[in-house]
Amino acid sequence: MNYNQLVASRMKQQREISKLTVSAVADHLNTQKSTISLLENGKQQINVEHLKAYSLLLNIPITTFLPEIKLNIEEDIVKNEADTKLYESLKTAIDCMKTFLGRNLKL
C-alpha cells in the first residue's frame, strides 16, 4: 500500500465513523460520487485541498488522515514519484501550518 492509499483509507474510515455517505460528502464538496469513491480508494491522487475539505466537513484535524511521516525518503513509505509528490506536498502544508500557528498563537 502506498502513501496515497494509506491517506485514502483514513479518509474513508473517518467518513464512515462520522456516519456520512459518499453521496453526502460529494454533495458537500460539490463533486461527483465517483470522484469521492476514487479518492477514498486511493485511485486518484489526494492533495491538500481534499484533506482540508474533509477536515472541515468532519470537523477533525487534517493530521488525522496522515500516517506517520517518515523523513527518510529511502524507506518503503515513498516508493514512486507520485508518492514523493504527495509526501512533499503534505510536508510543505504542515510546515506552513506550523509557521502560521506559531505566528498567530500567543502561548
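The values are calculated or read from the model by the stated rules, or taken from the named source; none is laboratory data. Since the model is a prediction, treat every value here as computed from it, not as a measurement. Glycine gets a Cβ as well: all are built from the backbone with ideal geometry, and neighbour counts include every protein chain shown.
Mind listing whichever residues of region 8-57 are of a type in the set (Ser, Thr, Tyr) and part of a loop (DSSP other than H, G, I, E, B)? Talk me through it step by step, then tell me what you get.
Pass one, region 8-57, residues of a type in the set (Ser, Thr, Tyr): 9, 18, 21, 23, 31, 34-35, 37, 54-55.
Within region 8-57, 18, 21, 31 meet the criteria.
Hey, can you tell me all the residues within region 58-68 that are in a loop (DSSP other than H, G, I, E, B) and touching a helix residue (DSSP H, G or I) at 6+ places or on another chain (Cβ under 8 Å)? Explain how you work it out, then say what you get.
Filtering region 58-68 for residues in a loop (DSSP other than H, G, I, E, B) gives 59-61, 66-68.
Hits for region 58-68 are 60, 61, 66, 67.
Can you name the residue in region 1-34 that is under 14 Å from the mean Cα position of the chain (by Cα) and free of Cβ contacts under 8 Å to residues at least 40 places away in the same chain and, of all such residues, is farthest from residue 85 (Cα to Cα)? Outline the logic, then answer.
Let us first name the residues in region 1-34 that are under 14 Å from the mean Cα position of the chain (by Cα), namely 2-15.
After this cut, where a residue has to be free of Cβ contacts under 8 Å to residues at least 40 places away in the same chain as well, the list is 5, 8-9, 12-13.
On the way: 5: 14, 8: 15, 9: 18, 12: 21, 13: 23 Å.
Here the answer is 13.
Could you grab me the full set of residues in region 1-23 that are touching a Leu at 6+ places or on another chain (Cβ under 9 Å), closer than 17 Å to residue 58 by Cα and surrounded by 14 or more Cβ atoms within 10 Å (Cβ to Cβ)?
First, pick out the residues of region 1-23 that are touching a Leu at 6+ places or on another chain (Cβ under 9 Å): 2-4, 6-8, 10-12, 14-15, 17-18, 20.
Keeping just the survivors that are closer than 17 Å to residue 58 by Cα gives 7-8, 10-12, 14-15, 17-18, 20.
Correct list: 7, 8, 10, 11, 12, 14, 15, 18, 20.
State whether the residues of region 60-69 include one that is surrounded by 11 or more Cβ atoms within 10 Å (Cβ to Cβ), at pLDDT below 80, out of contact with any Ser or Thr (no Cβ under 8 Å at 6 or more places or on another chain) and not small (Gly, Ala, Ser).
yes
Looking at residue 30, is it surrounded by 14 or more Cβ atoms within 10 Å (Cβ to Cβ) and not acidic (Asp, Glu)? Can you show your working first?
Working: surrounded by 14 or more Cβ atoms within 10 Å (Cβ to Cβ): no; not acidic (Asp, Glu): yes.
For residue 30, the condition - surrounded by 14 or more Cβ atoms within 10 Å (Cβ to Cβ) and not acidic (Asp, Glu) - is not met.
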